[in-house]
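For reference, the structure discussed in these notes is given below.
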Amino acid sequence: MYAQFDAGRYSQKNSGAIAQPAPPEETVGASYSVAAYPLYPPDLAPGEGREAVQSYCSTCHSTRYITMQPPLPPETWAAEVDKMIKVMGQPIPEDVQPVIIKYLQSNYTPQSRKR
């Protein structure tokens with residue numbers, strides 16, 4: 001079972017209670033706006049197989065999951081693609097699998113990571 005998280009701040013008097021901060025008072029005549037959160041996917045490194053990675057990998061998760069990984073050894077990328085197919089059920093055609101693996105190994109390993 002996961003612990004429940006409640007937003008707010010905890011009081012030192014009673015660490016089990018949450019004290020919600022008072023909402024800020026609006027200034028008369030002020031303009032308030034909120035910008036959209038950027039949801040664009042990060043650019044993947046150019047190279048052969050990039051389109052296959054964008055097509056197949058982004059059906060389940062953002063390409064940000066690839067770019068935010070630390071540089072992984074080549075065999076780990078092969079295992080990750082294998083896991084996505086066998087465990088997660090991603091239907092990547094057999095002829096496309098080596099293209100995706102080669103792309104990830106060519107661009108996102110400690111030896112090849114583009115800086």
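The values are calculated or read from the model by the stated rules, or taken from the named source; none is laboratory data. Everything numeric here is computed off the predicted structure, so don't read it as measured data. When we count neighbours, we look across all protein chains shown, and the Cβ atoms used for this are built from the backbone with ideal geometry, even at glycine. Heavy atoms of the whole protein, side chains included, go into the accessibility calculation; ligands, DNA and RNA do not. Shrake-Rupley method; radii C 1.70, N 1.55, O 1.52, S 1.80 Å.
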Could you list, in sequence order, the residues of segment 63-88 that are open to solvent by 50 Å² or more (accessible area, probe 1.4 Å) and small (Gly, Ala, Ser)? Ala79
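Take the residues of segment 28-50 that are in contact (Cβ under 8 Å) with a residue 40 or more places away in the chain and within 18 Å of the chain's Cα centre (by Cα): which is farthest from Tyr108 (Cα to Cα)?
The residue in question is Arg50.
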Starting from residues that are surrounded by 11 or more Cβ atoms within 10 Å (Cβ to Cβ) and not in a helix (DSSP H, G or I), keep the ones in segment 100-112 and report whichever is nearest to the chain's Cα centre (by Cα). Tyr108
